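Notes for the one structure printed next.
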Amino acid sequence: MQRIEEIINALAIEAIEVSWNIKVPQEIVQIQKTRKEFQGDYTLVVFPLLKLSRKPPEETATRIGAYIENHSPMISGFNVIKGFLNLVVSHSFWREMLEGELRQAAHGKVPLSESSARVVIEYSSPNTNKPLHLGHIRNILLGHSMAQILSASGRRVHQVNLVNDRGIHICKSMLAWEKQGKGETPDTSGMKGDHLVGKYYVAYDKVYKSQVKELLDNGSPQKTAEAEAPVLLEAREMLLNWESDDPKVRALWEMMNSWVYAGFDETYRRLGIGFDRTYYESETYKLGKSLILKGLEEGVLYSRDDGSVWANLEDEGLDHKLLLRSDGTSVYMTQDVGTARQRFGEFEFDSHIYVVGNEQNYHFQVLALVLKKLGYEWADRLYHLSYGMVELPEGKMKSREGTVVDADDLMDEMERTARQMSEELGKLDEYGEEEKSRIYRQVGMGALKYFILKVDAKKNMTFDPRESVDFNGNTGPFIQYTYARIKSLVRKGSGIPRKAGETPLVDKEVGLIRMMYDYPEVIQDAADSLNPSLLANFLYELAKEFNQYYHDYSILSAEKEELIHLRLLMVEVIGQVIESGMELLGIEMPERM
RNA sequence: GGCUCCAUAGUUCAAGGGAUAGAAUAGCGGUUUCCUAAACCGUAGAUACAGGUUCGAGUCCUGUUGGAGCUACCA
């Protein structure tokens with residue numbers, strides 16, 4: 001069925017054409033939702049039309065309004081304020097919507113078909129040398145919710161992860177473990193694997209820093225000191241040995257990586273996410289290297305005297321970019337070229353989304369250009385979902401200063417707070433420990449996820465631990481609590497029929513139905529703009545609107561039978577929409593809390 | 001130096017070029033014989049600065065100031 005905005009739009013064009021006998025360009029008509037403080041549902045802004053009508057705004061608006069009211073049974077009235085034509089949609093239309101479309105469990109979601117666009121979305125993409133932190137959490141939550149949202153918007157989505165399991169950073173942890181580890185393992189230390197490996201990465205850095213300092217004190221220039229610290233040279237050599245398949249290095253690498261993967265899997269499970277496919281850089285980097293060498297042969301890339309290979313991007317307004325080191329080893333860009341090519345071969349995607357922080361904007365710009373240079377016309381199907389950094393109130397997270405918020409610790413903390421809040425309120429005292437734990441987990445994780453997803457992805461955000469454990473206001477638990485109250489009503493009203501009937505609707509009800517009618521559009525907007533915050537904020541508004549309704553009107557003890565039927569239907573449908581939307585954000589909803 | 005992004009109540013966030021810039025939180029003051037008070041209501045408080053485009057600018061353009069990121073043979 002056609003959206004009512006489109007119907008109004010078409011009628012408005014018709015009205016102008018009939019009234020003033022002129023042709024109207026489509027884009028000039030803008031329909032928007034009427035602001036709360038005015039009477040009406042949809043508003044036509046007539047200012048842009050004055051050039052055509054050559055009449056004052058009020059007269060123009062009134063004529064269009066009268067025409068629309070006469071030609072559509074869905075419009076039951078209108079009013080004109082300055083240059084704004086506010087149209088009132090009939091209650092019978094809203095009642096039909098509530099009882100029909102909105103009530104469907106799949107409301108808002110577009111089913112998949114043969115022609116659905118194929119989307120690959122890559123996120124998480126951790127390094128195997130340190131545990132996940134708050135920044136990764138933002139990445140993972142954005143990636144996972146975008147995958148759900150894109151899927152709901154009718155795209156065929158493949159979620160993939162690319163593990164950066166090779167490169168000099170891995171060698172650094174390995175080196176430190178070899179030198180200082182004394183055979184320590186997750187089992188012997190009791191540490192989660194990723195945390196254990198992260199410990200040795202830090203240990204490496206400590207040695208490196210002190211060696212650099214020593215060189216500086218002996219009179220080396222800064223640059224030389226940083227490039228020639230003995231421990232760095234050792235790491236370089238280890239990387240070379242790794243690339244030439246040295247069995248000893250490989251065995252160490254595999255052992256330490258397996259620790260890390262076990263740790264990551266645990267964190268992923270807790271966050272409620274999973275991937276359709278996981279790629280390992282160690283398996284893909286060689287393809288990149290061969291593509292680069294092919295590009296060199298074809299003359300679209302060039303090599304320097306020392307054997308390193310470069311792309312000249314001056315024509316594109318950028319500088320020169322290294323693609324292979326002089327020792328022949330790959331850099332980050334090299335393997336990304338390879339994985340992109342491989343992915344296209346596997347999925348023939350219509351678009352490929354990389355969820356990566358905005359500090360890599362330049363990298364993805366270059367990646368597309370290099371792929372273009374290599375002759376891949378699908379290079380412009382790559383999108384970078386570039387999100388801002390997560391900062392703490394005291395500034396950036398710095399691992400060296402110990403101000404990194406660890407993902408696992410944070411999740412523990414959120415669940416602990418949920419437990420504490422709930423126990424203070426005493427609402428779950430009658431339930432068993434198992435159910436209580438599940439609810440604490442849902443609420444704690446809901447708080448964390450919503451806190452991060454409500455912020456526009458592309459913006460930097462501040463994570464204030466104090467504020468994050470405040471479960472009042474614009475928070476996940478607020479929406480969950482609203483949902484729990486809805487479910488309570490639905491339980492108490494079981495057996496009572498739910499139907500719209502013929503009763504007039506109060507303004508709050510019209511407002512709520514109109515919001516739910518917008519839900520499909522919100523999903524599409526969030527999908528198109530790669531921004532889950534649109535959905536998060538919509539759900540908050542809906543929950544808030546419901547809480548006011550709930551406060552002002554009795555549901556189960558309304559004055560008349562048919563009011564109870566109508567309101568119970570309202571409540572049930574609102575619950576469905578909230579649950580559906582929160583699911584797209586990856587947030588579980590408790591039946592009670 | 002060059003390139004990119006950002007600047008909105010004390011604080012954290014909203015606002016598809018449109019009406020009186022919305023919320024939350026912190027502050028102050030209220031609401032429970034009534035469906036879950038993790039709720040609801042009231043009060044006070046903001047577009048960095050200077051120009052420009054437009055019927056209309058927080059939003060677009062130019063400049064200034066302030067902040068972040070990138071500009072690595074790190075990933």
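Observations on the model:
- Residue match in the range A:427-439 (condition: closer than 19 Å to A:Glu583 by Cα, open to solvent by less than 70 Å² (accessible area, probe 1.4 Å), within 12 Å of RNA strand B (Cβ to nearest atom) and at pLDDT 90 or above): yes
- Screening the candidates A:Lys294, A:Lys286, A:Lys248 for the property of being open to solvent by 50 Å² or more (accessible area, probe 1.4 Å), out of contact with any strand residue (DSSP E or B) (no Cβ under 6 Å at 6 or more places or on another chain) and either within 16 Å of RNA strand B (Cβ to nearest atom) or of a type in the set (Ser, Thr, Tyr) (or both) yields one hit, A:Lys286.
- Of all residues in the range A:12-39, those that are in contact (Cβ under 8 Å) with a residue 12 or more places away in the chain have Cβ atoms under 6 Å from Cβ atoms of residues that are open to solvent by 50 Å² or more (accessible area, probe 1.4 Å) and not acidic (Asp, Glu), 6 or more apart or on another chain, in A:Ser19/A:Arg63.
- A residue that is away from RNA strand B (no atom under 16 Å from the Cβ) and either open to solvent by less than 10 Å² (accessible area, probe 1.4 Å) or in contact with a strand residue (DSSP E or B) (Cβ under 8 Å, 6 or more places away or on another chain) (or both) occurs somewhere in the range A:175-184.
- Restricting A:Arg103, A:Arg118, A:Arg63 to those that are buried (at least 16 other Cβ atoms within 10 Å of the Cβ), under 30 Å from A:Arg156 (Cα atoms) and either within 10 Å of RNA strand B (Cβ to nearest atom) or not assigned by TED's automatic domain parsing to the domain that holds A:Leu512 (or both) reduces the list to A:Arg103.
- The range A:319-332 residues that are outside the structural domain of A:Glu237 (by TED's automatic domain parsing), paired with ones that are of a type in the set (Ser, Thr, Tyr) (beta carbon under 8 Å, 6 or more apart): A:Leu322/A:Ser308; A:Leu323/A:Thr334; A:Leu324/A:Ser308; A:Leu324/A:Ser330; A:Leu324/A:Thr334; A:Arg325/A:Ser308; A:Ser326/A:Ser308; A:Ser330/A:Tyr285
- A:Lys109 vs. criteria basic (Lys, Arg) and touching a helix residue (DSSP H, G or I) at 6+ places or on another chain (Cβ under 8 Å): yes
- Here is the figure for the range A:404-426: residues that are open to solvent by 30 Å² or more (accessible area, probe 1.4 Å) and closer than 14 Å to A:Arg270 by Cα total 4.
- For the range A:79-88, the criterion of being surrounded by fewer than 16 Cβ atoms within 10 Å (Cβ to Cβ), within 11 Å of RNA strand B (Cβ to nearest atom) and touching a residue at least 24 places away in the same chain (Cβ under 8 Å) is met by at least one residue.
- A:Thr188 meets all of the listed conditions (1) surrounded by 17 or more Cβ atoms within 10 Å (Cβ to Cβ); (2) at pLDDT 95 or above; (3) more than 13 Å from RNA strand B (Cβ to nearest atom); (4) part of a helix (DSSP H, G or I) but one, namely (1).
- Number of positions in the range A:256-283 that are open to solvent by 60 Å² or more (accessible area, probe 1.4 Å) and of a type in the set (Val, Ile, Thr): 0
- Close contacts from the range A:458-470, counting a first residue that is free of Cβ contacts under 8 Å to residues at least 60 places away in the same chain and a second that is part of a helix (DSSP H, G or I) and more than 6 Å from RNA strand B (Cβ to nearest atom), with Cβ to Cβ under 6 Å and a gap of 6+ residues or different chains, come to A:Ser468/A:Phe451; A:Val469/A:Thr417.
- Residue within the range A:489-506 that is touching a residue at least 24 places away in the same chain (Cβ under 8 Å), assigned to a helix (DSSP H, G or I) and more than 33 Å from the chain's Cα centre (by Cα) present: yes
- Qualifying residue in the range A:44-57 (condition: under 16 Å from A:Ile7 (Cβ atoms) and not assigned by TED's automatic domain parsing to the domain that holds A:Glu502): yes
- Complete set of residues in the range A:307-337 that are open to solvent by less than 50 Å² (accessible area, probe 1.4 Å), within 12 Å of RNA strand B (Cβ to nearest atom), of a type outside the set (D, E, K, R) and within 30 Å of the chain's Cα centre (by Cα): A:Leu318, A:Val331, A:Met333, A:Thr334, A:Gln335
The values are calculated or read from the model by the stated rules, or taken from the named source; none is laboratory data. Quick caveat, the model's predicted, so the values are computed rather than measured. Note that we place each Cβ from the backbone using ideal geometry, even for glycine, and neighbour counts take in every protein chain shown. Please note that ligands, DNA and RNA were not included when accessible areas were found on the heavy atoms of the full protein model with its side chains. Shrake-Rupley method; radii C 1.70, N 1.55, O 1.52, S 1.80 Å.
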